[in-house]
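Written out below as structure tokens is the structure these notes cover.
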Amino acid sequence: MILRHRLDPATIPAKRLPKTSPAPVRVLPNTGFACRTHTESIELKTQECLQFIDLTDEIANIVQRSQIQTGFANIQTKHTTTAIAINENEPLLLRDMKRVLEKLAPETDEYLHNNFRIRTVNMNPEEDRNGHSHCKAMFLRTSETLNICNSRIQLGTWQRIFLLELDHSRERTVSVMVLGL
Amino acid sequence: MILRHRLDPATIPAKRLPKTSPAPVRVLPNTGFACRTHTESIELKTQECLQFIDLTDEIANIVQRSQIQTGFANIQTKHTTTAIAINENEPLLLRDMKRVLEKLAPETDEYLHNNFRIRTVNMNPEEDRNGHSHCKAMFLRTSETLNICNSRIQLGTWQRIFLLELDHSRERTVSVMVLGL
Amino acid sequence: MILRHRLDPATIPAKRLPKTSPAPVRVLPNTGFACRTHTESIELKTQECLQFIDLTDEIANIVQRSQIQTGFANIQTKHTTTAIAINENEPLLLRDMKRVLEKLAPETDEYLHNNFRIRTVNMNPEEDRNGHSHCKAMFLRTSETLNICNSRIQLGTWQRIFLLELDHSRERTVSVMVLGL
């Protein structure tokens, strides 16, 4: 089903890729059927700040249940103090990434968002001092869209899909929609 | 229409989520109709560097006009010195985020891109010294894809969709495409 | 085919956009046909750390070959130490962006992921000391989704699509899926 061919060299931006080998390209054939969607929400409770929760198997199961063979899976968090991250699930690396994230927007910095004496907007009784969480989230992603071929998400060897908690332990929801044929 | 069920415990990565409650999952049924698209461009003039422009209501209206009930809304900026950001619209928080962004790639740093004595590529008469804007954009997003169920974008309580201006006041275009059933 | 109209002023969030001009919106008409997909993998060998490889022409060709007129192109890297970046292809700017990326997660920092005396997970014979690459990737993107209208990706004047190598010279694969009508 997979046709492997090389691109015509003229289509490769030669000036910018002087030493690369020509880029082989694999093509999957077109199909023309009715489009379907399948949507699930993953609801979970996180435990702590900067927890990486590996949802890869969960999301692969959703794709299986969708019975969609080719299309997109869009993974979207519904919170402003979490993120969707795709990276390797190696415990020491997760600690490295936490350190770099913390350096970028330290919890110990002063945030105007945490100053409840001057703040008036979006205040509620159980308001958290989570300015650092929002500022970390700004550099991360609300959604990642992944390609599905032959009913499988096109993930590389080390790619795992995480929900990353940037605030404290909370109830969280991740929306997963599969759309395709 | 929403069937709520629990995942089989075997599908939860137990080692990584030792203390979480099992993840309940909500499933929306499949449908099989012809796919449609609806595309609009939001054109606006920004006022200043690091302005957050809340486009959420605008985009919700586009989804309404699309009459698409289930699918994706893809929000894409057409500029290299703006970004699409999803976060809380709390004025003090916006000031916090500007501060952290400015720390990451300060406007006052020296950028080779701003050195018009040595630069030869992509120069034009009204060229801006906006190396900092491009460097900030690198850590932000050109596009975010959001799930639509029952004609509504699946946004959480505090999620708002912003165009973030990283350069000075300019004419800007955001492309919004809704695709689905 | 493009109808240009202005939004009803009531739909503009006036409080947040006090000085902007009203946002004109261009609308493309709905269509209702069978959805198709077209998938190609771009395989290439990168040369060095922090190399930006411009894949824009390659991806435009894929969209042309797909014969899809309206829909999404999703560009997804299959690696945890590369990223998809959309920015201007100006050689001096690329050097600026490398500098800011290196400042965020320097190769010379100590990473637990690089400490092969204590690390036990995901070890293999040719394991790289690439903690910095993963930490840089955390702030960048695995995927970007772009809108296609009239068989063209809706890119702005300066927007180019890059694969960004965050590790050393390696064989890399980028998955491109076009889905639409």
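Since every read-out is calculated from the coordinates, none of them should be taken as a lab result. Every value quoted in this text rests on a predicted model; they were computed, and no experiment measured them. Heads up, the Cβs are rebuilt from the backbone with ideal geometry, glycines too, and the neighbour counts pull from every protein chain shown.
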Query raised in the report: In nm, one decimal, shortest first: how far is the label point of residue A:126 (7 Å from Cα along Cα to beta carbon) from the matching points in the other copies?
Result: 5.1, 5.1
Query raised in the report: Smallest Cβ-to-axis distance in chain B, for the rotation taking B to C: which residue, how many Å?
Result: B:35, 2
Query raised in the report: For residue A:50, which sequence-distant residues (separation of 5 or more, or a different chain) have an amide H within less than 5 Å of its own amide H, given hydrogens modelled in the peptide plane?
Result: A:165, A:166, A:167
Query raised in the report: Hey, fewest Cβ within 10 Å first, where do B:129, B:172 land in order?
Result: B:129, B:172
**Report entry** Packing-based exposure ordering (other Cβ within 10 Å, fewest first) of C:97, C:123
**Finding:** C:123, C:97
Query raised in the report: For the pair residue B:45 and residue A:103, how long in nm is the line joining their label points, each one 7 Å along Cα→Cβ?
Result: 4.3
Report summary line: Residues A:132, C:38 in order from fewest to most other beta-carbon atoms within 10 Å are C:38, A:132
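Once you list every other residue whose beta carbon is under 12 Å from the beta carbon of residue C:140, what net charge do they have if Lys and Arg are +1 and Asp and Glu are -1?
That sum, taken over residues with Cβ under 12 Å, equals +1.
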Query - Euclidean distance between Cα centres, the stretch A:65-118 to the stretch A:120-181, Å - result: 6
Requested in this report: Would you mind giving the mean number of other chain beta-carbons within 10 Å of the Cβ of each residue in C:62-73, as a whole number?
Outcome: 3
Query - In Hz, Karplus ³J(HN,Hα) per residue of the stretch A:47-58 (6.51, -1.76, 1.60; θ = phi - 60°; x = Gly, Pro) - result: 10, 7, 5, 6, 6, 9, 10, 7, 9, 4, 5, 4
Report task. With a ≥ b ≥ c taken as the square roots of the eigenvalues of the C-alpha gyration tensor of the stretch A:98-170, please select rounded if a/c is under 1.5 and otherwise prolate if a/b is larger than b/c or oblate if it is not? Result -> prolate
